[in-house]
Amino acid sequence: MRDFIVIALGSILVNNFVLSQFLGICPFIGVSKNIDSVVGMGLAVTFVMTLASLVTFILYKVFLFPNFIFLKTILFIIVIAVLVQLVEMIMRKKIPNLYNALGIYLPLITTNCAVLGVAVININKNYNLISSILNGFFGGLGFMLALFLLAVIRERLELSDVPDSLRGLPIAFISAGIIALAFLAFDKTMLDFIK
């Protein structure tokens, strides 16, 4: 049970894919303009990360290990692309407003390196099936948390007196950097405290 808590806190706070590993920056900056699209994107990424962790772990253990490990990245990318297409079809039919709000960023989940990163990290850290699924799920929640924090700040900055040279992306990058610095407080010593 303690290992699962360490994975959860590590994936959300200490090893956040966006804020400490700098994976998934494109949707992080692109979607974080307003809070409405953040929740949908965060849920979509969490779903894809969790399902990708499950499917890639099984395919890796059944088909690739030990003789075809070199095909890992190709197989993982194909699995992620199929899962994103599935999410996109479901959102187009069930939640068309969110589908339209996410626009180009929904297909970009396929190229979101955080999704590929979680699948590779699960294999590299020798996680078992349950740990892999939890790492994917909590990694997605950490991604959503980072998106939400930046979206809240960016919405407030729209109403603030920001110099013209910093409006838009420059202040977004500065804000993202400050959030990343704040997340450094969740050091590995926190995880050692739990152990």
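The values are calculated or read from the model by the stated rules, or taken from the named source; none is laboratory data. Here the structure is a predicted model, which means the values were calculated and not measured. Please note: Cβ atoms are built from the backbone with ideal geometry, for glycine as well, and neighbour counts cover all protein chains shown. Note: accessible area is taken over every heavy atom of the protein model, side chains too, but ligands, DNA and RNA are not part of it. Shrake-Rupley method; radii C 1.70, N 1.55, O 1.52, S 1.80 Å.
Overview of values
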item	result
Modelled FRET efficiency - R0 30 Å, ILE77 with ILE130, Cβ distances, 0.05 increments	0.80
Estimated translational D of segment 1-77 in µm²/s (Stokes, Kirkwood radius over Cα pairs; 4 °C; 1.567 mPa s)	89 µm²/s
Sulfur and carbon atoms: percent of accessible area, the chain [1.4 Å]	70 percent
Loop-located trypsin sites (Lys or Arg not before Pro) in segment 77-164 whose Cβ has at most 12 other Cβ within 10 Å (DSSP)	LYS125
Accessible area of segment 69-113 divided out per residue, in Å², using a probe of 1.4 angstrom	61 Å²
For segment 38-195: span of alpha carbons on each principal axis (Å, largest first)	59, 46, 25
Ordering of 109-118, 58-67, 29-38 by packing [mean C-beta count within 10 Å, highest first]	109-118, 29-38, 58-67
GNM result for the chain, Cα springs below 10 Å: residue of ILE153, ILE69, ILE80 fluctuating most strongly	ILE69
